[in-house]
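For reference, the structure is listed below as structure tokens.
FYI, it's all coordinate maths here, none of it is from the lab. Note that the coordinates shown come from a computational prediction; the quantities given were computed from them, not determined experimentally. So basically every Cβ, Gly included, is an ideal-geometry build from the backbone, and we count neighbours across all protein chains shown.
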Amino acid sequence: MMPPVNPILSIRDAHFGYHTRSGRQALLFGINLEVGRYELIGLIGRNGSGKSTLLRTLMRIQELLKGEIYFDGKNIDDFHRHEFARIAAFVSTGVLEVEGMTIRELVSLGRFPYTNWIGRLKADDHEIIDRSLDEVGITSLADRKLNEVSDGERQKAMIARTLAQNSSIIILDEPTAFLDLPSKYDIINLLHHLTEEGKIIIYSSHDLNISLKFSDRLWVIDQGRILDGAPEDLILNDTFARIFESDKIMFNPLNGDFELKRNPEKVITLTGNDPVCLNWTMNALIRNGYRISDSGSSIPVVQVKKEKHGIIWILQTDKQNLLFESIYQMLVILDDLL
Amino acid sequence: MRVGKKWSINYFWIILFILLTVILFCFDLSAGTTAISFKQVIRLLFGPYQDTGDWYVVNEFRFPRALTALLAGIALSVSGLQMQTVFRNPLAGPYVLGISSGASLGVALVVIGFSSFFMGNIFSISGNWLLILSAWLGSAVVLIVIMAVSLRVRDIMTILILGMMFGSAISAIISILQYFSGESALKAFVIWTMGSVSNVSSKQIWVLFAGIIPGLITALFTLKSSNAVLLGENYARTLGINIKSYRILVFISTSLLTGTITAFCGPIGFIGIAVPHICRMILQTSRQETLFAASIFAGSALMLASDIISQIPGSETILPINAVTSLIGIPVVIWIILRKKKITSL
């Protein structure tokens, strides 16, 4: 990728890792990355590849082993801690438990770098807190206790706190790890929306599928290096296939999903009048070890018809025609026939 | 205020704790071996000067005793609150750093080491300047070691465990001293460990203030950071806190508060652990400034109540204060353990 003209964040020849008793253990070597515009960056990599180490080092929780990181042309180590808190905000992995703390109190902590010695909130602080709550859509939950809301709502509160912190960079370590699927989409969509307000957001995730769809850019960790690009670029140049495929699992570049590798022996023909019905019938057949015939001449034939009163499946073998009202029924009979 | 409703409830409780402290303070003045009625106490406090024996008793003995109990309650509760926050551990208290062990070692060395010196007046030794000084030095030495460790060690749990181990090691040394000590010295030492608020004279009480007030002011300056530290130290760092300076401030405050009280009163158990939890339970908040104010007055009220109970109103016997605070505090600690789903969360 061509370096942007005026990078906001720039990582130069950096080694990321941690200190052990016997010395330094580097996980990422000679990393060079530049971020020149407000975008959502997904950090992808296997367990132990150095995702958290990278994010924590960017937040100055961990020390950089070698190299430099610059924000607006200034080395981040040259900022005072309280100055740096106005530049970058952090959401760590794991569930936060603080007995008795309300969502509003949590979000108010985002104002920490701006308040006086006792932490007194002024009128404009309250205004910013209200706006942050509103922006992530949890105003109605403001006075609830942290342990009384769902994991997704708590994660939104954590994000609202970073908004109250009013930083240019937000770094999140596996923000979707504990969430159900709709909440995952909800959070990543929210993050994407926030980049439009002028934020650089870097998050790590194991949900490759969601990261592919919503991120402007992916950083993929591969053996101590970082492969950088738009998600689509990384699909087209086979980066995912190379990094994540194993003898059992393959990457499907058409939809960005991972699939089990199979060697189906049974062949079947599939016809129908509705693409959605066709797609899911095919999914069921493939899962059960069938290969869909390309020529359309193999027997048996499954015909799926979407009609006014519902969907029917017609199974034609050389002896008989059978009619089913669900895929499940058909699969049970199909197993017996062959 | 946006959170006005919740706040007014919290104000209500804090005002109630203040009233309770004032009332119990007056009751504490009337409690003791010489019967002085509550009415007489009020008359002595707010009425004109009386040239009576009651006035002498209240002025010279009861007033310093009640004031000591009040200050001990404040100091131990605030220390306990700070320790629970900095260690993010609900069972932390004022003594987790080993301050009481340090003080005990100082006292043991003086009492047992120079036991011949005290032969004549074993039962009045707790008020002795030499004892106070040795207890103070003992806790200061422990504090300096803990500070040195905390500058090098990053993980707060390591500091907690080191503090506890350090305390146990000192206790082992004390038991060796006890084993080789004479009977009278041993008794004197054991009585010191039972704690007492009645040995501070009206002249010494100012020294108590001189330790407690700077301790409280230091604590006041840590409140903002404490709120952030509730989220964990990593979050606190990203909010701009220098964790090491924060810890040092908290440790200085705790040792001023706990060290002073322990030097004058001996180790007083469970108040420091129980009071912050009682405040959290009643006020249902994690706001450190609210809990700070509530702990000050709930702590002083509870300590005054313990002192009144230890006097056993209507009798001439005085119970060791440590026994009373333990009997009040232990049920609270048991309640914490039974109620917590996870003991590690605050």
Q: Considering the options A:250, A:285, A:312, tell which one lies farthest towards the positive end of the dipole of the stretch A:229-329, charges being +1 on Lys and Arg and -1 on Asp and Glu at the Cβ, about the Cα centre.
A: A:312
Q. Any idea what log10 I(q)/I(0) is at q = 0.11, 0.13, 0.20, 0.23 Å⁻¹ for the stretch A:1-92, Debye with uniform C-alpha scatterers and no solvent?
A. -0.32, -0.45, -1.08, -1.39
Q. Among the aspartates and glutamates, which have Cα under 14 Å from the Cα of residue B:203 when same-chain residues fewer than 8 positions away are ignored?
A. B:60
Q. Once you have the alpha carbon radius of gyration of the stretch A:136-195, what is it after dividing by 2.2 N^0.38 Å, with N set to its residue count?
A. 1.08
(Q) From the Cα trace of the stretch B:183-285, what convex hull volume per residue do you get, rounded to a whole Å³? (A) 139 Å³
Q.
Run lengths n ≥ 4 of DSSP H only: what is the helix-derived mean residue ellipticity at 222 nm for chain A, with -39500 (n - 2.57) per run over all residues, to the nearest 500?
A. -9000 deg cm²/dmol
Q. Got a sec? How would A:243, A:76 order by Cβ neighbour count within 10 Å, fewest to most?
A. A:243, A:76
Q: Compute the length gained on full extension between residue B:169 and residue B:155: take 0.36 nm times their separation in residues and subtract their Cα-Cα distance, giving the result in nm to one decimal.
A: 2.9 nm
Q | Residues B:254, B:325, A:195, sorted so that the one with the fewest Cβ neighbours within 10 Å comes first | A | A:195, B:325, B:254
Q) Considering only DSSP states other than H, G, I, E and B, which trypsin sites (Lys or Arg not before Pro) in the stretch A:235-338 qualify as loop sites with at most 12 other Cβ atoms within 10 Å? A) A:248, A:261, A:308, A:319
Q. Along the Cα-to-Cβ line of residue B:59, 7 Å from the Cα, sits a label point; which residues in the stretch B:10-44 have backbone N less than 18 Å from it?
A. B:29-30, B:36-37, B:40-44
Q) What's the long-distance tail for the stretch A:9-252, i.e. % of Cα pairs beyond 27 Å? A) 37 percent
Q: Using only the alpha carbons, work out the radius of gyration and Dmax of the stretch A:267-337 in angstrom.
A: 11.1, 31
Q.
Loop-only chymotrypsin sites (Phe, Trp or Tyr not before Pro) in the stretch A:34-140, please: DSSP not H, G, I, E or B, and at most 10 other Cβ atoms within 10 Å.
A. A:117
(Q) I need to check one value: relative contact order of chain B, counting alpha carbon pairs closer than 8 Å and at least 6 residues apart, in percent. (A) 32 percent
Q) Counting only complete DSSP H runs, which helices of chain B cover 24 Å or more along their long axis at the Cα atoms and score a mean Kyte-Doolittle of 0.5 or above? A) B:4-30, B:63-86, B:129-152, B:156-179, B:205-229, B:243-265, B:288-310, B:321-339
Q | Rounded to the nearest 20 debye, dipole of the stretch A:9-252 from Cβ charges on Lys, Arg, Asp, Glu | A | 680 debye
(Q) Based on the alpha carbons, how large is the Rg to Rh ratio for the protein assembly as shown when Rh follows Kirkwood? (A) 1.14
Q) For residue B:39 and residue B:315 in one chain, what is 0.36 nm times their gap in residues minus the Cα-Cα distance, to one decimal in nm? A) 97.4 nm
Q. Which of the GluC sites (Glu not before Pro) found in the stretch A:149-225 are in a DSSP loop and have at most 16 neighbouring Cβ atoms, other than their own, within 10 Å?
A. A:196, A:197
Q: Compute log10 of I(q)/I(0) for the stretch A:109-225 with the Debye formula, placing one identical point scatterer on every Cα and leaving out solvent, at q = 0.12, 0.18, 0.20, 0.23 Å⁻¹, to two decimals.
A: -0.47, -0.97, -1.15, -1.40
Q) Once you treat every alpha carbon in chain B as an equal point and sum by Debye, what is log10 I(q)/I(0) at q = 0.08 Å⁻¹? A) -0.39
Q. So how far apart, in nm, are the two label points at residue A:68 and residue A:245 if each is 7 Å from Cα heading toward Cβ?
A. 4.2 nm
Q. Rounded to two decimals, what is Rg over Rh for the stretch A:25-141 when you use alpha-carbon atoms and the Kirkwood radius?
A. 1.00
**Q.** Point-charge dipole on Cβ atoms (K/R +1, D/E -1) for the stretch A:267-337, about Cα centre, debye to 20
**A.** 120 debye
Q) For chain B, what is the mean residue ellipticity at 222 nm derived from helices alone (per DSSP H run of n ≥ 4: -39500 (n - 2.57); sum divided by total residues; nearest 500 deg cm²/dmol)? A) -24500 deg cm²/dmol
